[in-house]
């Protein structure tokens, strides 16, 4: 692994930690309407496209990074659905 790859992996850790912190904050929030569904739709779409692009370039740092970003988008959307259902009950 080249030294420059460590820079990419460090960026991945910071980005994923930030996204998971946002999901945690969303989980703790009372208002399920605070986050737009379109945010997740856009994030999921962009992540899938970036994963395909990264695979085509054989950029494994970005394949992993975008896969983790995709996982956070899916988790955030699922959390949003659960909170909205609970609020409507």
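The values are calculated or read from the model by the stated rules, or taken from the named source; none is laboratory data. Keep in mind that what you see is a predicted model, and the values were worked out from it rather than measured. When we count neighbours, we look across all protein chains shown, and the Cβ atoms used for this are built from the backbone with ideal geometry, even at glycine.
The residues in the stretch 61-84 that are free of Cβ contacts under 8 Å to residues at least 24 places away in the same chain and closer than 22 Å to residue 14 by Cα can be counted, and the count is 4. Each residue in the stretch 16-54 was checked for being touching a helix residue (DSSP H, G or I) at 6+ places or on another chain (Cβ under 6 Å) and free of Cβ contacts under 8 Å to residues at least 24 places away in the same chain, and 3 pass.
In the stretch 58-67, what count of residues is obtained for those that are more than 16 Å from the chain's Cα centre (by Cα) and either part of a helix (DSSP H, G or I) or surrounded by fewer than 13 Cβ atoms within 10 Å (Cβ to Cβ) (or both)?
Of the residues in the stretch 58-67, the ones more than 16 Å from the chain's Cα centre (by Cα) are 58-60.
Still in the list and also either part of a helix (DSSP H, G or I) or surrounded by fewer than 13 Cβ atoms within 10 Å (Cβ to Cβ) (or both): 58, 60.
Summing the residues that are more than 16 Å from the chain's Cα centre (by Cα) and either part of a helix (DSSP H, G or I) or surrounded by fewer than 13 Cβ atoms within 10 Å (Cβ to Cβ) (or both) in the stretch 58-67 gives 2.
Scan the stretch 27-52 residue by residue and report those that are farther than 12 Å from residue 73 by Cβ, modelled with pLDDT under 85 and assigned to a helix (DSSP H, G or I). Within the stretch 27-52, 27, 28, 32, 33, 34 meet the criteria. All told, residue 55 falls short of being part of a helix (DSSP H, G or I), under 23 Å from residue 86 (Cβ atoms) and modelled with pLDDT of 80 or more.
A single member of 70, 79 is more than 19 Å from residue 5 (Cα to Cα) and either assigned to a loop (DSSP other than H, G, I, E, B) or modelled with pLDDT under 90 (or both), and it is 79.
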